[in-house]
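Right, one structure below, let's go through it.
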Amino acid sequence: MEDIKDLSRKRYLGAKMNIISSFVSEDDEIREMVPVIERFLKGLTANKIIKILKNITGDDSIKFEDLGKNIYISDHMWGSNKDIFKVLFQSDEGNKDIEITVATKREKVPGDITKNEIRDVKTLQKRPGHVVPRFGVETAWGGKKWYVEEFIEGDTIQELETAGKFTTAMRKKIVSCLLSISVGLGGMVPADINGGNFIITDDTNDAVMVDLGGRRFRVFRKASENIENEETEG
Ligand SMILES: Nc1ncnc2c1ncn2[C@@H]1O[C@H](COP(=O)(O)OP(=O)(O)OP(=O)(O)O)[C@@H](O)[C@H]1O
Ligand SMILES: [Mg+2]
């Protein structure tokens with residue numbers, strides 16, 4: 001048996017894991033991404049994988065040895081700026097009970113994932129009510145930016161609307177999600193408010209904004225700023 005400390009210095013998947021991919025799309029452009037996401041995952045060190053899983057679950061006790069040998073990847077969504085993959089980690093038999101699904105996002109063109117997007121997802125981690133996915137890690141690879149975050153199980157507003165399942169209760173959840181975001185961002189709100197960017201979670205029916213994008217608009221100023229303005233004006 002290799003020592004865990006030695007292993008963690010090595011490339012993670014090269015050292016231990018198998019990648020099992022099940023891409024459903026027949027689209028050539030998407031099929032070409034299979035080896036790309038595989039190589040990306042293989043390039044993550046054990047330490048980075050553990051950091052992702054700890055951040056996303058909030059469970060600091062997860063260890064490298066707890067993970068099983070297989071990682072399952074599949075195509076999830078092809079957005080206009082990002083490709084999104086679903087990646088599932090499971091526990092090793094007999095160890096901790098782990099089943100963690102992450103969303104791995106890769107920009108299509110350099111610059112598609114902006115600094116604002118990543119900064120603001122991080123800022124909003126601690127908001128009550130889970131308004132954005134829990135953040136895993138950001139990295140650059142192959143000339144593109146990537147980041148890994150919690151995979152949100154549920155339907156997008158767009159899907160719910162198409163299926164005629166969008167309710168008033170859901171609309172309220174979106175409004176409170178956006179209000180919470182605006183407080184968290186000091187009065188700013190993401191400009192790209194569209195149905196594809198919100199998911200209603202299967203378990204709690206909460207609205208999660210899965211794509212903050214780069215653009216913002218201001219909905220209010222902080223009280224302290226108003227007082228300052230008044231003082232300056234007066
Ligand atoms: N964390 C996540 N968990 C589950 N599904 C997600 C997650 N992030 C994104 N998705 C799904 O992938 C789709 C595309 O993701 P995202 O909106 O981030 O990419 P995009 O390229 O910016 O898309 P667009 O420009 O079309 O808004 C989303 O509409 C959503 O269905
Ligand atoms: Mg989007």
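Residues of region 190-223 being within 19 Å of GLN158 (Cβ to Cβ) and outside any loop (DSSP other than H, G, I, E, B), which ones?
Within region 190-223, PRO190, GLY195, GLY196, ASN197, PHE198, ILE199, ILE200, THR201, ALA207, VAL208, MET209 qualify.
Under the condition of being of a type in the set (A, V, I, L, M) and within 16 Å of ligand 2 (Cβ to nearest atom), which residue from region 53-92 is surrounded by the fewest Cβ atoms within 10 Å (Cβ to Cβ)?
In this case the residue turns out to be MET77.
Confirm whether GLU153 is of a type in the set (Asp, Glu), surrounded by fewer than 16 Cβ atoms within 10 Å (Cβ to Cβ) and modelled with pLDDT of 95 or more. Lay out the reasoning, then the answer.
Details: of a type in the set (Asp, Glu): yes; surrounded by fewer than 16 Cβ atoms within 10 Å (Cβ to Cβ): yes; modelled with pLDDT of 95 or more: yes.
Considered against the rule, which asks whether it is of a type in the set (Asp, Glu), surrounded by fewer than 16 Cβ atoms within 10 Å (Cβ to Cβ) and modelled with pLDDT of 95 or more, GLU153 comes out as yes.
For region 101-143, enumerate the residues that are among the charged types (D, E, K, R), surrounded by fewer than 19 Cβ atoms within 10 Å (Cβ to Cβ) and assigned to a strand (DSSP E or B).
GLU138, the sole residue that qualifies.
Kindly establish whether LYS165 is of a type outside the set (A, V, I, L, M) and outside the structural domain of ASP211 (by TED's automatic domain parsing). Before you say what the answer is, go through the steps one by one.
On the way: of a type outside the set (A, V, I, L, M): yes; outside the structural domain of ASP211 (by TED's automatic domain parsing): no.
In short, no.
ILE100: farther than 16 Å from ASN81 by Cα and within 17 Å of the chain's Cα centre (by Cα), yes or no? Don't jump to the end; show me each part of the working.
Working: farther than 16 Å from ASN81 by Cα: yes; within 17 Å of the chain's Cα centre (by Cα): yes.
Yes; evaluated as a whole, the condition is true for this residue.
Can you name the residue in region 155-184 that is more than 15 Å from ligand 2 (Cβ to nearest atom) and not in a helix (DSSP H, G or I) and is also nearest to MET33 (Cα to Cα) among such residues?
ALA163
The values are calculated or read from the model by the stated rules, or taken from the named source; none is laboratory data. Not measured: the values here are computed from a predicted model. Glycine gets a Cβ as well: all are built from the backbone with ideal geometry, and neighbour counts include every protein chain shown.
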